[in-house]
Structure formats: C-alpha cells, structure tokens
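A short write-up of the structure that comes next.
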Amino acid sequence: DMTQRIRGITDDEEKETTRGILVDAGEAAIGPLERFVTQQDEGVALALRVLAAVAPAPKVLEVVLREVARLGRTYTRDPEKKLVLLTWLREHHAGAGGPAVEEALLPLLEDFSDDVRITAARALAALAPGEKARDALIQLLLRDRDNARVRGEVLEALAQLGADVKGHRPTVEPLLVEPFFLDREGRVKKRG
C-alpha cells in the first residue's frame, strides 16, 4: 500500500526507489498521491515532489492550495505539515497569486504557531498578494508587536511587497526597527 510505503520510508535510497516507481506509474499515481497529501501528516514533501513529476503545475498548485485552505481552518498541534505546504507554495509557485491563494493563506496569519504565521507571511509576499493581504499583514504586525521574530518577518514581507501602511502610520511607525523605515508615501522600506 502506497501510504504505508511513503510513511515508512527513512533512508534516501529507499526514497529514490519509491519516487522512481511512482514517477513511472505516471498519471495513475496522481489520484493516490492527492489522497496521500490530504490524509497524511508525514511524508508530504516527498509526495509533493513525486506529484510535481507526474502532474502539471496547475494541478499540484490546486492540491496544495486545497490542503492549505483546509488546514487553515483546522487546529493542528503539530505545525509541520502546514510549514511543508507553505514552503512548497513559496518555492514552486511564486507569482501564482489570485483570490484562491489569498483565501487559503490569510487564515494562517492567525495560526497559534509563530513558525506558521511567519511562513504564511513569507508565502503571501512571494505570491504577489493584493490589498487584503496587505491589510492582514499589517493586522498581524499589530497583534504580534511584542514578538520580535514575527514582527521582523512581517516587516520583511511588507518591504518585499513595497506595501504602504496608509491609515496605520501612527501605530506602525513605532514598531519599525532597523533596517526598516517608512518612506514619505508610507511604504515600508529596508535600508542597505
């Protein structure tokens, strides 16, 4: 059973063998891989690598987004799967943009895990978000103002987007730490 196989794999050689078998199966592997990504918590990164080898990019994006959206509404004690999916999105689908991406990612800015909030902020910045995402990132900055790590990453995301903080300048300005600053238009910029 494929699920057992992927979950039980520990060494790299075995990973490669399994990947080879699944890639050879071609389109027939898409359905089972899709189910694996949805149902399993471990082995998801390997499953996505294989899925990307047998399915067109839009299909992989659809599978990942659907799972991210589901997890965004679900409490999970272990953030690992969310992190794997968010990182995958950022690394393989940067610029994918659009309402579906935004909708899937926004709830994760409110996740209980610092790492998930940070990774979601990075993913949003990479996936060229719009106004909604800008507002959500500013809200996250204000909520997490006392969390230096999250604050730094959110400022990084806002700077990457060249986002302005219109309507929030008085509350945002005191939260800026070097190398971040606001330009005359109220856009978050980074020195150097």
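The values are calculated or read from the model by the stated rules, or taken from the named source; none is laboratory data. The shown structure was predicted, so the numbers you read here are calculated from the model rather than taken from an experiment. Cβ: placed from backbone, ideal geometry, glycine included. Neighbour counts: every protein chain shown. Just so you know, the surface numbers come from the protein's heavy atoms only, side chains and all, with ligands and any DNA or RNA stripped out. Shrake-Rupley method; radii C 1.70, N 1.55, O 1.52, S 1.80 Å.
Annotations for the structure displayed:
- When the helices (runs of 4 or more DSSP H) confined to the range 102-192 are screened for residues that are over 23 Å from the mean Cα position of the chain (by Cα), those reaching at least 2 such residues are found at 169-172.
- Tally, over the range 126-167, of residues that are over 18 Å from residue 181 (Cβ atoms) and open to solvent by less than 10 Å² (accessible area, probe 1.4 Å): 4
- Inside the range 108-125, residues that are over 18 Å from residue 94 (Cβ atoms) and open to solvent by 10 Å² or more (accessible area, probe 1.4 Å) make up a count of 7.
- Top-ranked residue of the range 61-81 - restricted to ones that are over 15 Å from residue 115 (Cβ atoms) and among the acidic types (Asp, Glu), ranked as surrounded by the fewest Cβ atoms within 10 Å (Cβ to Cβ): 62
- Taking the conditions (1) hydrophobic (A, V, I, L, M, F, W, C); (2) within 28 Å of residue 50 (Cβ to Cβ); (3) modelled with pLDDT of 95 or more; (4) out of contact with any Gly (no Cβ under 7 Å at 6 or more places or on another chain) in turn, residue 108 satisfies each one other than (4).
- Of all the numbered requirements in (1) open to solvent by 40 Å² or more (accessible area, probe 1.4 Å); (2) without any contact (Cβ under 8 Å) to a residue 40 or more places away in the chain, residue 93 misses one, and that requirement is (1).
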